[in-house]
Amino acid sequence: MTWLLQLYPRAWRRRYGAEVTAMLAEEPRSLRLALDLVAGAVDARMHPQWTPGAAEAEGDHEMTANTACTYARTGYAPHRAKISAAWMLGISLVSVVIGLTVSSAFGDSLYTEALFTSAFFIALLVSNFEGRDPRPYTGAARVVILTTGSALIYGFFLAVSLVAERL
Amino acid sequence: MSRQQTGLDDFGRFAEPALLILISLADGSKHGYAITDDIEQVTGVRHGPGTLYGALARLESRGFIEPVKSTDRRNPYRLTDLGRAALRTRLAALEAVTRAGQRRLVASEG
C-alpha cells in the first residue's frame, strides 16, 4: 500500500513519507485506507502546505530551475497538469479497486501483486502522455501505444514476481 | 497563506480532524499513530493517514503544532502557544454554541 505515497508531491513525501510509511505498517490494508490515501494525495497536490521541513528538504530555488529544465526537455505542459494528475490518480484508483476486488475474490496471488506494483508505473506512463502539449501521438496510435506499454509493464513485474518466487 | 492566522476556519474538510489533533496534543506530544489511536478512543472515529496528515500539514504550516526532535521514524508533534490559543478559542466557541442549543431545546420542551 505504501506505493500509493508516490501519488503525493515530492516535498510532501520528504517531509511526511517516513512517518506515514511507519504508520501504514501498522494499519490493516483496506479499500477505505487506499481511498483515504488517494484523497490525501489529491489534496496535497491541490493545496500544498508550506512547512519549514518541506522547504528545506526540497531546496526551492534548485527545484524551480530543475522543473523548468524538465519542461523544456520533455515537452511537459504545465497547463495540462490537472488533466495529467487526473489520469495518474484515476488509473491508480481503478488499479487499487481491481486489485482489491480480485484479491478478495481469489486471494492474494502473483497476478494481483504484479498489478499493485505495476499500477504506479502504468499511471505514470499514461499521465506523462496526457500531460504533453502537443501530444506525441493521437487517436488509435495513442491507444495502441498506451495499451501495449501498460501490458509490457505488467508483464515485466509479473515476470519478476515469478522469477523471485522460483529463486 | 499567513502563518499568523488564529483559527481553523479555512481548513475545509480538515477542520474537524485538525481540532481533534489539537485536543489530542493538549496533554502532551504524540506521533501520528498515537494521535489516531487517541482520537479513536475519544470519538470512535479512526482517521486514515491521508486525512490525518492533511490536517497535520495545515496545522504545522500555520504554526499551531511543531515536530519534536526524534530519532524514531514516527516523529512526535507538540502544541505551540499559538496552537494552544487556537484550541482555547475554538473550544470556547463550541461551548457557546452548545449552551445556546441546550437553552433553546429546554425552552422548546418547557
Q) Across region A:7-49, what is the total count of residues that are within 24 Å of residue B:71 (Cα to Cα) and part of a helix (DSSP H, G or I)? A) 15
**Q.** Residues within region A:81-136 that are out of contact with any Gly (no Cβ under 7 Å at 6 or more places or on another chain) and of a type in the set (Lys, Arg), tallied
**A.** 2
Q) Any residue in region B:38-52 that is more than 8 Å from every other protein chain (Cβ to nearest Cβ), part of a loop (DSSP other than H, G, I, E, B) and among the hydrophobic types (A, V, I, L, M, F, W, C)? A) yes
Q | The listed residue being at the interface with another protein chain (Cβ under 9 Å from one of its Cβ atoms), in contact (Cβ under 8 Å) with a residue 12 or more places away in the chain and among the aliphatic types (A, V, I, L, M), out of B:8, B:56 | A | B:56
(Q) Give me the residue from region A:85-134 that is in contact with a strand residue (DSSP E or B) (Cβ under 8 Å, 6 or more places away or on another chain) and either over 18 Å from residue A:6 (Cβ atoms) or assigned to a helix (DSSP H, G or I) (or both) and, out of that set, modelled with the highest pLDDT. (A) A:128
Q: With respect to residue B:73, determine if the residue is surrounded by 12 or more Cβ atoms within 10 Å (Cβ to Cβ) and within 21 Å of the chain's Cα centre (by Cα).
A: no
**Q.** Pairs where the first residue, in region B:12-25, is touching a residue at least 12 places away in the same chain (Cβ under 8 Å) and on the phi < 0 side of the Ramachandran plot and the second is buried (at least 20 other Cβ atoms within 10 Å of the Cβ) and among the hydroxyl-bearing types (Ser, Thr, Tyr), C-beta under 7 Å, 6+ apart
**A.** B:17/B:51; B:25/B:77
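The values are calculated or read from the model by the stated rules, or taken from the named source; none is laboratory data. Because the structure is a prediction, the values reported are computed rather than measured. Every residue, glycine among them, receives a Cβ derived from its backbone with ideal geometry; neighbour counts consider all protein chains shown.
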